[in-house]
Amino acid sequence: MGNTLEQELKQAKRKSAKPMLWVSMISMTMMFAGLTSAYVVSRKRSDWVSFDLPSAFYTSTALIILSSITFLLAKFFIKKDNRQLTTVFLASTLILGIGFVFFQFEGFKELFNSGLFFAGAKSTVKASFIYGIVLTHLAHIAAGIIVLLVVFYNHITKKYTPENYLGLELGAIFWHFVDILWIYLFLFFYFIR
């Protein structure tokens with residue numbers, strides 16, 4: 001009797017996991033829509049300055065796109081029960097994700113070295129917006145890195161099988177979300193200067 005209840009609870013948890021993730025991603029999307037809308041409205045200020053995106057942001061964009069591809073491959077290979085290639089692609093995703101974070105901070109250094117400051121007497125509204133929006137995205141990436149570590153650990157401890165890989169799938173959905181979110185922000189900053 002107790003075993004049946006436990007199985008029903010696990011099944012209910014599995015059914016609610018994806019909808020809960022989608023709701024949280026929608027709320028994050030709305031937050032970034034608000035931040036980028038405020039950026040657009042603030043462009044009319046007299047102290048608005050124009051500058052090029054740091055070259056490190058181009059590199060970080062390539063890395064996060066590659067990381068989504070490696071995560072897709074990891075998911076493909078867990079379905080095929082190829083644990084070795086799943087491990088390789090999950091590790092690659094993690095390394096590329098860390099590389100993304102590294103180049104984001106390199107981009108901040110480029111902004112700082114070009115005279116754009118987040119706060120203080122020399123700061124501008126535009127620079128503050130860019131730093132704020134990108135740092136907010138990095139907080140989501142930090143969550144994504146934690147998710148990657150948990151997925152990698154669960155994979156190494158053989159929690160995932162071709163029939164049961166929900167955690168890996170949820171991790172992939174979230175990672176692709178932060179990837180798409182960065183691409184949106186990158187294109188937004190590239191075209192709306």
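The values are calculated or read from the model by the stated rules, or taken from the named source; none is laboratory data. All figures in this text were calculated on a predicted structure; none of them were measured in a lab. Positions of Cβ are generated from backbone atoms using ideal geometry, with glycine treated the same way; all protein chains shown enter the neighbour counts.
The table below gives the values:
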{"quantity": "Out of Thr136, Thr87, sole residue that is out of contact with any helix residue (DSSP H, G or I) (no Cβ under 6 Å at 6 or more places or on another chain) and at pLDDT below 95", "calculated": "Thr136"}
{"quantity": "The listed residue being among the basic types (Lys, Arg) and modelled with pLDDT under 90, out of Lys122, Lys158", "calculated": "Lys122"}
{"quantity": "Odd one out for Lys109 among (1) part of a helix (DSSP H, G or I); (2) modelled with pLDDT under 90; (3) crowded, with 16+ Cβ neighbours inside 10 Å", "calculated": "(3)"}
{"quantity": "Some residue of segment 146-165 being of a type in the set (Asp, Glu), within 21 Å of Lys18 (Cα to Cα) and under 16 Å from the mean Cα position of the chain (by Cα)", "calculated": "no"}
{"quantity": "Residue in segment 169-187 that is more than 11 Å from the chain's Cα centre (by Cα) and within 21 Å of Lys15 (Cα to Cα) present", "calculated": "yes"}
{"quantity": "Top-ranked residue of segment 63-91 - restricted to ones that are farther than 24 Å from Glu163 by Cβ and free of Cβ contacts under 8 Å to residues at least 40 places away in the same chain, ranked as surrounded by the most Cβ atoms within 10 Å (Cβ to Cβ)", "calculated": "Leu66"}
{"quantity": "When residues of segment 46-62 are limited to those that are in a helix (DSSP H, G or I) and of a type outside the set (Val, Ile, Thr), the one surrounded by the fewest Cβ atoms within 10 Å (Cβ to Cβ)", "calculated": "Ser55"}
{"quantity": "Those residues of segment 150-172 which are part of a helix (DSSP H, G or I) and surrounded by 16 or more Cβ atoms within 10 Å (Cβ to Cβ), in sequence order", "calculated": "Val151, Phe152, Asn154, His155, Gly167, Leu168, Glu169, Leu170, Gly171, Ala172"}
